[in-house]
Amino acid sequence: MHAVRHIAVNVFRESVRDRVPYNLVIFAILLISASYLLGQLTAGQDVKIIKDLGLAATSVFGLFISIFIGIGLVSKEVERRSIYSLLAKPISRPQLIAGKYTGLVLTLVVNVASMTVALYIVLAVISWNASPEMRASWEAPALDPQLLKAVLLIFIELMLITAMALFFSTFSSPILSAALTFGLYIVGHFNADLKNFELVVDSKPAVWLARGLYHILPDLSAFDVKMQVVHGLTVPAGYLLSAVGYGAGYIAALLLVATVIFSRRDFK
Amino acid sequence: MSAAAVGRGLAGSAVPAAGTIVAAAVCLAFAMTLQVVRDRIYPRQDAATEPLLYVRSPQALDRIVLGFDALAADVYWVRAIQHYGGERLAPNTSGRKYELLYPLLDIATTLDPYFNIAYRFGGIFLSEDYPGGAGRPDRAIQLLRKGIAQNRGKWQYHHDIAFIYYWALHNRAEAATWFRRAAAQPDAPNWLLPLAASMLVEANDRASSRYLWGEIAQSDQEWLRSRAERALLQLDAMDQIDALTGVLKGRLRMISAPYSWQRLLEAGVIRTIPADPSNTPYALDSVTGEIKVASASPLFPMPRTGSPR
């Protein structure tokens, strides 16, 4: 456990050295400038759009961090040959994978938390400046705690994407890992279509194949409740729990397979 | 190479930073000046003269934007507002008629099916006559029907359709039907049913109107009950006026204008001066002989009516 923590902290420090937190500044500038501009452009819909923009930006920034840092977690160590000195230490390969993953998740925690705080601050300022009539016309309050449900599922999705990037990084080059992870991200958002494949195709084997792929490929659209929370619609606790559970199961599976592949790799 | 030289190399360039930045700024200013001069000498013709919509299929866009539907909907919403504002300010001779307003709102509401303001904005500005709007009440109703399909129970969309039928299409009977549907939605305000009933009176559908007002008269709200009771008396007065007009139609010829109840009494055409359900005598137009509710009556003014059904 000590080794895992040590590796995780080092991954986090490395991401700070790589100036990853700069994206927080860009996020803050984006939100503040958008909140000023939208008031002039959107006929009273600024709170909705700031929420949409804030949640989408949290998701996009996190996606880039997950993919572009995740793909280098293992492959960079192999390319730089620092893997030899690492493995020479009393660290097992599964510990290395767990530590690398935990470190990037820590980076994501800091990012997502900071972006959420920034989003709430901007919303608080808008709410403070709004008239009571305008506040009454909003579908959901500006400082709606329901937003945290969307943030939680965005975070789980990012954890899953990080696990995918790490998984590919254990056996392929960084460029290929990035392409595969991004491809799987897109496929993951279309995944729900595979479930109803029989509506477009008559062939039974094709339908079974599609149904199988539906279960094997990650179902990323399940983590998207941004629209519901912005409109003040209820996201049931059961749905939230099942999505988190699905994410946890999928992440565990990816990390276990990544550990097996990485443990069998010969670096001689 | 000595160790000191290697150290200097690793430490970075010795060129002063401020000087380099000033040089970069001068280069950029030079490029910008050239651009301005070139645009003056060779005016560019690439300004968009026609309104442009790159992707027209809302369903295709829904796929392209992955999980960012709501943000994409916001972009199309802002475009719809800008398009409306641009066309509204464009000179009338431009021939433009808000051609992109419906497609933009259709895309915005497909990407975000809960985009309440987009449906209601479309309901108003698509139906309003040009140049205030697109003059397409059919499109406005289509958009609001889409909103109803996506958000069952939203009384506002039913109300907006009713308003379009009333205001833009002048179809009071259909307006009354939609006001009734609006009133039947959960959380609908209690003034919608009276509105439907009034609309039926205007459409001259007295039987339906009487039925609706009868229902409203059972309300637990005192103001609604008294409004319904008055409306029922007004409906009775309308029936009485029709009956009286029928009776007097031929008999008015027995006396000449100016007409009055007194002269009709003296001529033996009537035995008593007819009174409305509030016991106030009806007014008789001295020139045309038309029977009306008197302005002194508590039933005055009577609702406007359309052509009889």
ask   = Quick check: is even one residue across region A:30-40 modelled with pLDDT of 80 or more and either within 14 Å of the chain's Cα centre (by Cα) or part of a helix (DSSP H, G or I) (or both)?
value = yes
inquiry  = It is to be established whether one or more residues within region A:219-228 are away from chain B (no Cβ under 14 Å), in contact (Cβ under 8 Å) with a residue 24 or more places away in the chain and under 24 Å from B:D62 (Cα atoms).
reply    = no
Criterion (of a type in the set (D, E, K, R) and buried (at least 19 other Cβ atoms within 10 Å of the Cβ)) met by exactly one of B:D187, B:D236, B:D138, B:D205 = B:D205
message = Out of the residues in region B:272-309 meeting the condition of being within 17 Å of B:N204 (Cβ to Cβ) and among the hydroxyl-bearing types (S, T, Y), tell me which one is modelled with the highest pLDDT.
response = B:T305
note = Within region A:6-29, of all residues that are in a loop (DSSP other than H, G, I, E, B) and touching a residue at least 40 places away in the same chain (Cβ under 8 Å), the one nearest to the other protein chains (Cβ to nearest Cβ) is A:D18
request  = Give the residue, chosen from A:G62, A:G103, that is modelled with pLDDT of 90 or more, assigned to a helix (DSSP H, G or I), more than 16 Å from B:L71 (Cα to Cα) and within 14 Å of chain B (Cβ to nearest Cβ).
outcome  = A:G62
task = Report, ordered by the first and then the second residue, all pairs with beta carbons closer than 6 Å, sequence separation of six or more or different chains, a first member in region A:136-163 that is within 14 Å of chain B (Cβ to nearest Cβ) and under 18 Å from A:G103 (Cα atoms), and a second member that is surrounded by fewer than 22 Cβ atoms within 10 Å (Cβ to Cβ) and among the small types (G, A, S).
result = none
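Per-residue answers, yes or no, for (1) closer than 30 Å to B:N190 by Cβ; (2) of a type in the set (K, R):
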position: B:R206; (1), (2): yes, yes
position: B:R210; (1), (2): yes, yes
position: B:E229; (1), (2): yes, no
position: B:L244; (1), (2): no, no
position: B:L248; (1), (2): no, no
position: B:Q262; (1), (2): no, no
position: B:E266; (1), (2): no, no
position: B:G289; (1), (2): no, no
query = When you go through A:D266, A:D224 one by one, which is the residue that is buried (at least 21 other Cβ atoms within 10 Å of the Cβ) and not aliphatic (A, V, I, L, M)?
reply = A:D224
inquiry  = If I go through region B:226-250 residue by residue, how many of them are acidic (D, E) and in contact (Cβ under 8 Å) with a residue 24 or more places away in the chain?
reply    = 2
query = Which one of B:A173, B:A162, B:A140, B:A149 is in contact (Cβ under 8 Å) with a residue 60 or more places away in the chain and in a helix (DSSP H, G or I)?
reply = B:A173
key: Criterion (away from chain B (no Cβ under 14 Å), in a helix (DSSP H, G or I) and surrounded by 14 or more Cβ atoms within 10 Å (Cβ to Cβ)) met by exactly one of A:G247, A:G188, A:G212, A:G238   = A:G247
key: Residue list for region B:144-168, restricted to those being buried (at least 23 other Cβ atoms within 10 Å of the Cβ), within 12 Å of the chain's Cα centre (by Cα) and under 12 Å from B:N116 (Cβ atoms)   = B:L144, B:Y157, B:D160
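Residues checked against (1) in a helix (DSSP H, G or I); (2) under 18 Å from B:P301 (Cβ atoms):
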{"residue": "B:A207", "(1), (2)": "yes, no"}
{"residue": "B:W213", "(1), (2)": "yes, yes"}
{"residue": "B:S226", "(1), (2)": "yes, yes"}
{"residue": "B:R230", "(1), (2)": "yes, yes"}
{"residue": "B:Q234", "(1), (2)": "yes, yes"}
{"residue": "B:K249", "(1), (2)": "yes, no"}
{"residue": "B:R253", "(1), (2)": "yes, no"}
{"residue": "B:A257", "(1), (2)": "no, no"}
inquiry  = Considering only residues that are surrounded by 15 or more Cβ atoms within 10 Å (Cβ to Cβ) and either over 27 Å from A:Q95 (Cα atoms) or more than 17 Å from the chain's Cα centre (by Cα) (or both), which ones fall in region A:250-260?
reply    = A:A258, A:T259
Members of region B:64-81 that are assigned to a helix (DSSP H, G or I), within 10 Å of chain A (Cβ to nearest Cβ) and either loosely packed, with under 13 Cβ neighbours inside 10 Å or among the β-branched types (V, I, T) (or both) = B:V75, B:V78, B:I81
request  = Would you please name the residue that is surrounded by the most Cβ atoms within 10 Å (Cβ to Cβ), looking only at residues in region B:92-117 that are at pLDDT below 90 and in contact with a helix residue (DSSP H, G or I) (Cβ under 6 Å, 6 or more places away or on another chain)?
outcome  = B:Y98
inquiry  = I need the full set of residues from region A:82-100 which are touching a His at 6+ places or on another chain (Cβ under 9 Å) and in a loop (DSSP other than H, G, I, E, B), in order please.
reply    = A:I91
request  = Answer with yes or no whether A:K48 is at pLDDT below 90, charged (D, E, K, R) and under 20 Å from B:N116 (Cα atoms).
outcome  = yes
query = Which residues, counting only those in region B:229-256, are touching a Gly at 6+ places or on another chain (Cβ under 8 Å) and over 21 Å from B:S278 (Cα atoms)?
reply = B:L248, B:L252
inquiry  = Suppose we filter A:I126, A:I67, A:I121 for residues that are more than 24 Å from A:A222 (Cβ to Cβ), at pLDDT 90 or above and assigned to a helix (DSSP H, G or I); which single one remains?
reply    = A:I121
query = For A:P205, which of the numbered conditions (1) in contact with a Leu (Cβ under 6 Å, 6 or more places away or on another chain); (2) loosely packed, with under 13 Cβ neighbours inside 10 Å fails to hold?
reply = (1)
query = When the residues of region B:97-115 are filtered to those that are in a helix (DSSP H, G or I), within 14 Å of chain A (Cβ to nearest Cβ) and in contact (Cβ under 8 Å) with a residue 40 or more places away in the chain, which remaining residue is nearest to B:H159 (Cα to Cα)?
reply = B:T109
request  = Please specify each residue of region A:134-148 satisfying the condition of being in a helix (DSSP H, G or I) and either of a type in the set (S, T, N, Q) or surrounded by fewer than 21 Cβ atoms within 10 Å (Cβ to Cβ) (or both).
outcome  = A:M134, A:R135, A:A136, A:S137, A:L148
query = Does A:L41 satisfy the condition of being under 24 Å from A:F223 (Cα atoms), within 14 Å of another protein chain (Cβ to nearest Cβ) and not acidic (D, E)?
reply = no
message = Please verify whether A:G54 is within 11 Å of another protein chain (Cβ to nearest Cβ) and either over 25 Å from A:Q146 (Cβ atoms) or buried (at least 23 other Cβ atoms within 10 Å of the Cβ) (or both), treating the condition exactly as stated.
response = yes
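The values are calculated or read from the model by the stated rules, or taken from the named source; none is laboratory data. Computed from a predicted structure; not experimentally measured. With ideal geometry, Cβ positions are generated from the backbone for all residues, glycine too; neighbour counts draw on all protein chains shown.
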